[in-house]
Structures are given as C-alpha cells and as structure tokens.
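Asks: Please see the structure below; I have some questions.
The values are calculated or read from the model by the stated rules, or taken from the named source; none is laboratory data. Only a predicted model underlies this, so the values are computations on that prediction, with no experimental measurement involved. No Cβ is skipped: glycine too gets one built from the backbone with ideal geometry, and neighbour counts run over all protein chains shown. Note: areas computed on protein heavy atoms with side chains; ligands, DNA, RNA excluded. Shrake-Rupley method; radii C 1.70, N 1.55, O 1.52, S 1.80 Å.
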Amino acid sequence: MTDLTLIPAAQAHLPADPFKGRHLIDGAWTDSADGATSDRYSPAHNVLVSVAAKGGAAETEAAISAARRAFDNGNWSRSSGKDRATLLLKGADLIARDIDRIALIETLEAGKPISQAKAEIEIAIDLWRYAASLARTMSGESHNSLGPDMLGLVLKEPIGVAGIICPWNFPFLIVSQKLPFALAAGCTAVVKPSELTPSSTVILGELLVEAGLPTGVVNIVLGYGDPVGAMLSTHRDVDMVSFTGSTAVGKRIVAAASDTLKKVSLELGGKNPQVIFPDADLDQAADAITFGVYFNAGECCNSGSRIIVHEDVAEQLVEKVVALSRKVPFGDPLDPRTQVGAIISTDHLDKIDGYVQEAAKSGAGIALGGGVLRIDGLDGQFYQPTVVTGVTPDMPIALDEVFGPVLSVLTFKTADEAIALANSASYGLSAGVWSRDVSTCLDFARRVEAGTVWSNTWMDGYAELPFGGVKQSGQGRELGRYGLEEFLEAKTVQLRIGDTRAKWVAE
C-alpha cells in the first residue's frame, strides 16, 4: 500500500553467527543432556539468529532441585534486605551497561523495533531498582492490643521456589516484572522463557552471575511448555508459579497446579476497551488509540484493540485514526525510525488475518488495511495497519484477543450502553475512558470490570502501581508493593509474656 509509511530493509549488519543459548542450572551453563536444540529465525529478516538448548525433564528436574537447595540453605532466603538490594542494584547497573546487546537480540528474535526494545529495557532497569527498594522496606505487623500478656506478630516470609514462565512478546520486560520481585522477597527461581525469544533471558542470567548471585538462586531452563512449563506447574518442590501468556494456557496451569495446591499468579489475555465520549479531546484520543493498537504490532495483552465511541463523533474519530495510522512507520525493526515491526510467526499472521476476513464477511467495513504487508528488501511477516468499522458485539473480532495491529470500532448512544459493551468480553485486564468531565471518567472507572483504568491517556505505567487483571485476564498482581506480596507468605506469631496462661486441666 503506497499510502502507508514504510521503512525498507536497513543497511544494518546482522550478526555473523547465531546467539548460542544454554541452560543455567545450579550456577553452571549447560547444554541439554540429549544435545537437543531449537532454532529461531528472525520474523522480520528470515535468517537464523539464535540456537538454544532444548530442555527436557532432566534439565527441569535439576533446575528445580538446585532452586530448592538454594532456598533451604538460607543463604539467600534468610539474607538481609540490604544484601538482596545490593545485588539487585548491581544487576540493574549491568543491564544498563549491556542495553545495546540485549536490545539487538530481542529485536532479532521478537521482530520488535530496536528503539522500542531499548525503551523496554530502560523500564526493566527501573523495575530492578524499584524491587531493590522493596527488599529493604519489607515489613510485617505487630499487635500490642491483645492484652498485657500477649504480643502478636505477623511475619512476611518468602514463599519458596518460584517457577517463572514468560511469553515471547516482551521477554526481557516481563521477566523483569517477576524475577526481581521474587528475589527481593527472598525466593529462589526457575525461569522458563518462551522458546521463540529465549536469548535476552540467557543474557540476564549471565549478568546475574556476574553480579555475584549465589549459586542456584536463579536457574534458567530453555525449551517448550511441555515438558518444562508442565513440570514447573506440577512439581512438589515448586511452591508457586508466576505465568504470563494466553488465558487457555493459564487455565491449564491452574488445573495442573491443583494437585499440589501451589500458588498460581497469572497475567493473561485482554480485549481492552477504550470508551470515547462526545466531549473528549478527539485529537488526543486518536493519537492514543493509534499508539494503543499498533504498539508492539498489537502483540500486547494491553493492546487498545477495541474502541467504543459515541455515535455522534464516531465518523470523525475514525477519520483521525486512519490518517494517523498512515503516518506510523512500519518496517525493518533494525531501523531506529521504525515504530511497528514484524509479526512473531507465519501461523500468527494467518490468525490475525483470519479475524479480519471473518469480520468483513459478517458485514464489517475495512476503513484501512486488512491484509499482509510487504516490506522492500525483507522476507518476513508483516501485517498492515488495519481499522475495522461497523463491528457488532457478537463478532469474534469484538470479543477475542486478535493480538495484531487491528482496531475494532463499535459505537454507543448512552453511558450505560458503553459500560455494558466494555464489560461484555470475558477479559478484564485494562480499560480506558475519554471525556473532559471528571465525573464521567470516575463513574466509568468504578463500573468497568478491569484491573487498570486509564483516563484520558493509554498505557502509561509506573513501577509503583500494581498491574493485573480480573475475570479471564488473570489473578494476582505484578509491580508495586503488591508485586512483592505475590512472593510472600504471612506467618502469625503469638508471644505470651510471663507465666500467665490459664490452665485448662483442673487441679
């Protein structure tokens, strides 16, 4: 499409040799016992960029055993908050030192723009530093109102061994939303990155070893959900699982974990609505909508992929979004000008297009895009910026997580109708509202079913504020002090003072 802003193949040189990823188990870097590996080709350039060890039951068992020993010996779990914070801060500094290296491999494996990858790693650095502050300020409670002879304490203790399972769309950022908080709490961990984007997590492991993390505290097993993720979900020596990914897989993890009754924290899918009232600043709304739907090529659980706009301003707003969409640079992720890169796989590209074509057959209109995108000089997977209008609430494109650069447009007449539409999906991760009337925004925030609500903005984020969903978008929270609490257990201690206990057996 000649009316889009396209970035052809950059003159950047691809690495001569693929990145070699190995498991980190009990402080040692190891290949798989059977020599199995998994290749990853760049979704933008279709060249081999990494070869990772492919873990099986033996590697997973060894990693879990190492994490269990490291937790039980107490060198980390009972260390001071100061010592844990010092290591987390050193890790953050090393990440900052190697930001270019991490961003390059993440761009090659995930297809995301290099500028975006660097920005995400900057956010991750802040998360490691914030988690360090939590390690030093973690506290319990005391109760001195139980009577003159009783003191009550509530201790906060690390839950134990955490299985951390991360997705392919934000590999370094999401592991940094989990792992530093687990470490701040005193937990040990076994981390499984996605088989599609394993390498930045391997680099993180290298940096933690360099920082001086004790042996066995963090273990990394590369490979597939079966068997690695499945074993983390069922193993009796894993005390909790923290998972980010699809709702379908999250449900399977909950079922698998039920036999051991381990804690499960889930950040799952989203079909996130933005409701635009007629008094909204349409220019600001249009820009935020454009950002929300195309950021990370729409492969984002927080994607603002569903707008619900008042019918009086719907046509005007769509025109603004379409005009802005044409200006967004799609193309080679290695070019710093690119804002939208490649789709993760051919299968996922077909899935995205399937939703769009089904909507068109059901009567929806395609105001922009609606097909595969070709980029000069690249043999990769790209999809056009797409705006689908005339969407009805019963269409799959209005209810399901498309996970691509596709915007669905629905309309409403009344506030009650807007709320009903916003809450009609099975998801409840995030939502947005656009209005100059603060009462309208507050009413929406109170009534919408979502873990995060943005008012007159979209996808701002802070380390201090918790993140997570309701309904089928998950359970538990990441970030903020709540993110630390996920990895803690409360223990009640009751101290009787003096020989004051009344005897139960009569003398």
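Asks: Hey, can you tell me all the residues within segment 295-334 that are over 24 Å from Gly474 (Cβ atoms), in a helix (DSSP H, G or I) and of a type outside the set (Gly, Ala, Ser)?
Replies: The answer is Glu315, Gln316, Leu317, Val318, Glu319, Lys320, Val321, Val322, Leu324, Arg326, Lys327.
Asks: Which one is nearest to Ser38 (Cα to Cα) among residues in segment 166-191 that are in contact with a Leu (Cβ under 7 Å, 6 or more places away or on another chain) and open to solvent by 10 Å² or more (accessible area, probe 1.4 Å)?
Replies: Trp168
Asks: Taking only pairs six or more apart or across chains, which ones have beta-carbon atoms under 6 Å, a first residue in segment 88-104 that is without any contact (Cβ under 8 Å) to a residue 24 or more places away in the chain, and a second residue that is of a type in the set (Gly, Ala, Ser) and in a helix (DSSP H, G or I)?
Replies: Ala103/Ala117
Asks: For residues that are open to solvent by less than 50 Å² (accessible area, probe 1.4 Å) and either of a type in the set (D, E, K, R) or not in a strand (DSSP E or B) (or both), scanning just segment 16-34, find the one that is nearest to Val340 (Cα to Cα).
Replies: Ranking the candidates gives Pro18 first.
Asks: Determine, yes or no, whether Gln381 is polar (S, T, N, Q) and not in a loop (DSSP other than H, G, I, E, B).
Replies: No, not satisfied.
Asks: Does Val328 meet the test of being crowded, with 24+ Cβ neighbours inside 10 Å, touching a helix residue (DSSP H, G or I) at 6+ places or on another chain (Cβ under 8 Å), closer than 30 Å to Ala10 by Cβ and among the β-branched types (Val, Ile, Thr)?
Replies: no
Asks: Which is out of contact with any helix residue (DSSP H, G or I) (no Cβ under 7 Å at 6 or more places or on another chain) and either over 15 Å from Thr201 (Cβ atoms) or outside any strand (DSSP E or B) (or both), of Thr107, Thr60, Thr86?
Replies: Thr86
Asks: So how many residues does segment 140-163 have that are open to solvent by less than 80 Å² (accessible area, probe 1.4 Å), without any contact (Cβ under 8 Å) to a residue 40 or more places away in the chain and assigned to a loop (DSSP other than H, G, I, E, B)?
Replies: Counting residues in segment 140-163 that are open to solvent by less than 80 Å² (accessible area, probe 1.4 Å), without any contact (Cβ under 8 Å) to a residue 40 or more places away in the chain and assigned to a loop (DSSP other than H, G, I, E, B) gives 1.
Asks: Kindly indicate whether any position in segment 116-123 is closer than 29 Å to Asp26 by Cβ and at pLDDT 95 or above.
Replies: Yes: one or more hits.
Asks: Please tell me if Ala131 is crowded, with 19+ Cβ neighbours inside 10 Å and in a helix (DSSP H, G or I).
Replies: Spelling it out, Ala131 is indeed crowded, with 19+ Cβ neighbours inside 10 Å and in a helix (DSSP H, G or I).
Asks: Does Asp400 satisfy the condition of being loosely packed, with under 14 Cβ neighbours inside 10 Å and under 24 Å from the mean Cα position of the chain (by Cα)?
Replies: Here the answer is no, as Asp400 does not meet what is asked.
Asks: Ok, one more. Just to check your reading of the model, which residue among Ala445, Ala420, Ala431, Ala398 is in contact with a strand residue (DSSP E or B) (Cβ under 6 Å, 6 or more places away or on another chain) and either acidic (Asp, Glu) or free of Cβ contacts under 8 Å to residues at least 24 places away in the same chain (or both)?
Replies: Just one listed residue meets the conditions, Ala445.
Asks: Return the pairs, sorted by first residue and then second, in which the second residue is modelled with pLDDT under 95 and open to solvent by 10 Å² or more (accessible area, probe 1.4 Å), the first residue lies in segment 232-251 and is under 20 Å from Leu479 (Cα atoms), the beta carbons are less than 6 Å apart, and the residues are 6+ apart or on different chains.
Replies: none
Asks: In segment 256-276, is there at least one residue being without any contact (Cβ under 8 Å) to a residue 40 or more places away in the chain and open to solvent by less than 10 Å² (accessible area, probe 1.4 Å)?
Replies: The answer is yes; a qualifying residue exists.
Asks: Can you tell me which residues in segment 5-49 are more than 25 Å from Glu210 (Cβ to Cβ), among the hydroxyl-bearing types (Ser, Thr, Tyr) and in contact with a helix residue (DSSP H, G or I) (Cβ under 8 Å, 6 or more places away or on another chain)?
Replies: The answer is Thr5, Ser42.
Asks: Listed residues Ser455, Ser473; which is open to solvent by 40 Å² or more (accessible area, probe 1.4 Å), under 22 Å from the mean Cα position of the chain (by Cα), at pLDDT 95 or above and small (Gly, Ala, Ser)?
Replies: It is Ser455.
Asks: With Phe181, Phe172 as the choices, which residue is hydrophobic (A, V, I, L, M, F, W, C), within 25 Å of Asp72 (Cα to Cα) and not in a loop (DSSP other than H, G, I, E, B)?
Replies: Exactly one of Phe181, Phe172 is hydrophobic (A, V, I, L, M, F, W, C), within 25 Å of Asp72 (Cα to Cα) and not in a loop (DSSP other than H, G, I, E, B), namely Phe181.
Asks: Next question. From Leu479, Leu465, which residue is open to solvent by 50 Å² or more (accessible area, probe 1.4 Å), touching a helix residue (DSSP H, G or I) at 6+ places or on another chain (Cβ under 9 Å), farther than 15 Å from Ser303 by Cα and among the aliphatic types (A, V, I, L, M)?
Replies: Going through Leu479, Leu465 in turn, just one is open to solvent by 50 Å² or more (accessible area, probe 1.4 Å), touching a helix residue (DSSP H, G or I) at 6+ places or on another chain (Cβ under 9 Å), farther than 15 Å from Ser303 by Cα and among the aliphatic types (A, V, I, L, M): Leu465.
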